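Chemist: Questions regarding the structure given below will be posed in turn.
The values are calculated or read from the model by the stated rules, or taken from the named source; none is laboratory data. Computed from a predicted model, the values in this text were never measured in an experiment. FYI the Cβ positions are ideal-geometry reconstructions off the backbone, even for glycines, and counts take in every protein chain you see.
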Amino acid sequence: MQRNAMLALLLLILLTVSPRTAQSPTGEEVLERIDRNMYVDQAVSTSTMIIHGRSGTRTITSKSWRKGDDKSLVEYLSPARERGKKMLKLGDKIWTYTPEPNDRIIAISGHLLRQSVMGSDLSYEDITENDRLVEDYRAEVVGSEELGGRTAWVVELEARKEGLTYHSRSRSGKSATRRAAGS
């Protein structure tokens, strides 16, 4: 009787621990997890961006409002020289507003969407992006890293369609590298 109970327990363990759980997830499974964690239908957030440049380091604080993947507003709160500047995204159009000296509104389009925002490594598209990665990229798991005592999967992404800001991306828990289309 005890032998049958042990066999039943062993069989149950073997059935619940399939070979699939011992393997890394597929690239698409990782993207689906990222999208579940990152994509929001509606959000308000405050963020701080630290920019290390040739002339030193500066910190910019902003507040963002987002609705779906096609509406967002970013307002810069500090430092004083950036305070009051705003960026609005509606659909695939982006505008910037500068309150001083003359209340200036600039439409950002074409190649300007991929330009640096305030001397950072982020583009206008990066800051207002809220697209689901699984819809835009094919993914391949290329490794793993330990991060905070947990396994983080390193994923390389390849664009599924033309016109994305980045043709390919490499993502891990520690870093993200991107190769712009045409580079």
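Chemist: Mind checking whether some residue in the stretch 122-144 is over 29 Å from Val30 (Cβ atoms) and not assigned by TED's automatic domain parsing to the domain that holds Gly163?
Modeler: Within the stretch 122-144, none of the residues are over 29 Å from Val30 (Cβ atoms) and not assigned by TED's automatic domain parsing to the domain that holds Gly163.
Chemist: Go through Ala152, Ala159, Ala107 for me and flag whichever is out of contact with any Phe, Trp or Tyr (no Cβ under 7 Å at 6 or more places or on another chain), free of Cβ contacts under 8 Å to residues at least 24 places away in the same chain and among the aliphatic types (A, V, I, L, M).
Modeler: After applying the criteria, what remains is Ala152.
Chemist: From the list Ile34, Ile94, Ile51, pick out the single residue that is of a type in the set (A, V, I, L, M, F, W, C), farther than 22 Å from Val134 by Cα and touching a residue at least 40 places away in the same chain (Cβ under 8 Å).
Modeler: Ile51
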